[in-house]
Amino acid sequence: MTQTLESPKLQTNLDTSFLKLVACAAMLADHIGGALFPEMQVFRIIGRIAFPLFCYCMTVGLLYTHDIKRYLLRLGIFALASQPFYLFAFHPHDWMQEFANWNIFFTLFISLTALWAFKERKWLLFAAAFFVISWWNFDYSANGILLMLIFYLFREKPWIGLGLNLLFWLPCLMNGGELAIGAYTFDRQIFAALSLPLIYCHTNFHPKIPKYVFYAFYPAHLLAIGLIRLALHR
C-alpha cells in the first residue's frame with residue numbers, strides 16, 4: 001500500500017509492503033529452522049509472527065483490490081505452483097505420501113475466499129470453505145478464517161480487534177506444547193501475538209516493492225532450502 005492511501009475502512013497499519021517484508025523474513029527463519037535446524041526452537045518462535053501478518057495483509061487486500069476474483073485466482077494458482085517446491089524443501093523422500101500436506105498459501109487462499117464469501121453474504125460458499133479448511137490437512141485449520149474475520153469486522157474498532165486477537169492466542173499458554181519453563185509447558189504459537197504491535201501500530205516505511213517479488217520469494221526460498229538440505233544429507 002502507498003502512503004497516500006487513506007480510508008475509514010481501516011484504522012490499523014496500512015504499511016502492508018513493510019509488513020509483508022517482515023512476514024517473509026519470519027517465514028524464512030521458520031522454514032530454515034523446520035528443515036535444517038529442527039532442534040533449535042528460536043527459528044520456529046520467530047516464524048510464528050508470519051501467519052497473522054499474512055492474514056492481516058490479505059484482509060487489507062480484500063478491502064482495497066479492484067478485482068477480488070482475479071486476486072483470489074492469482075493466489076490459488078500461486079499456491080498450486082508452489083506445492084512442488086514445498087514438498088521438495090520439507091518432504092523430498094516421501095513427497096507422494098505427503099502430497100496432501102498443503103503449503104500455507106492454500107490456507108490463506110481458502111481463508112480469503114471465506115472472508116470474501118462472508119463480505120458478499122455468500123453463505124453456502126463460506127460454509128464450504130470453513131468445512132474444507134477444517135476437515136482436510138491445512139496448516140492452522142480454520143484459524144486463518146477466524147483471524148481474517150477479526151481483522152475485517154473490527155477494522156474501525158482497533159482496540160476491540162486487538163483484545164480479540166490477544167484472547168485468540170491466549171489458549172496457547174494453557175494447552176501444553178513444545179516449550180517448557182520448568183515443569184510448565186506451552187505452545188510456541190503464543191509468540192504469534194508478537195505480530196500485534198506491527199498490525200495495530202502505524203509504521204511509515206512504505207518500501208516500493210513490486211507485488212510479484214513477494215510471490216516469487218516463496219517458491220524461491222523453498223527451492224534454496226531444499227537444495228541446501230539435499231547437499232547436507234548427501
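Quick rundown of the values:
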item	result
Phe205 vs. criteria of a type in the set (Phe, Trp, Tyr), out of contact with any Pro (no Cβ under 7 Å at 6 or more places or on another chain) and surrounded by 12 or more Cβ atoms within 10 Å (Cβ to Cβ)	no
Subset tally (residues that are touching a Lys or Arg at 6+ places or on another chain (Cβ under 7 Å) and of a type in the set (D, E, K, R)) for segment 50-79	0
Cβ pairs under 7 Å, 6+ apart, first in segment 73-85 and assigned to a helix (DSSP H, G or I), second surrounded by fewer than 17 Cβ atoms within 10 Å (Cβ to Cβ) and among the polar types (S, T, N, Q)	none
Test: residue in segment 63-71 that is within 26 Å of Arg155 (Cα to Cα) and in contact (Cβ under 8 Å) with a residue 60 or more places away in the chain	yes
Complete set of residues in segment 174-216 that are touching a Ser or Thr at 6+ places or on another chain (Cβ under 7 Å) and closer than 16 Å to Ala23 by Cα	Ile199, Tyr200, His206, Pro207, Ile209
Leu21 vs. criteria closer than 17 Å to Thr203 by Cα and either out of contact with any Ser or Thr (no Cβ under 6 Å at 6 or more places or on another chain) or touching a residue at least 24 places away in the same chain (Cβ under 8 Å) (or both)	yes
Looking only at segment 116-158, and only at residues there that are under 17 Å from the mean Cα position of the chain (by Cα) and at positive phi, the one that is surrounded by the fewest Cβ atoms within 10 Å (Cβ to Cβ)	Ser141
Check on Phe109, touching a residue at least 12 places away in the same chain (Cβ under 8 Å) and among the aromatic types (Phe, Trp, Tyr)	yes
Number of the condition not met by Tyr56 [criteria: (1) assigned to a loop (DSSP other than H, G, I, E, B); (2) within 24 Å of Lys208 (Cα to Cα)]	(1)
Residue within segment 78-88 that is more than 16 Å from the chain's Cα centre (by Cα) and surrounded by 22 or more Cβ atoms within 10 Å (Cβ to Cβ) present	no
Selected residue (criterion: farthest from the chain's Cα centre (by Cα)) from residues of segment 20-70 that are acidic (Asp, Glu) and more than 16 Å from Phe109 (Cα to Cα)	Glu39
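Since every read-out is calculated from the coordinates, none of them should be taken as a lab result. Values in this document were obtained by computation on a predicted structure and should not be read as measured data. All Cβ positions, glycine included, derive from the backbone under ideal geometry; neighbour counts span all protein chains shown.
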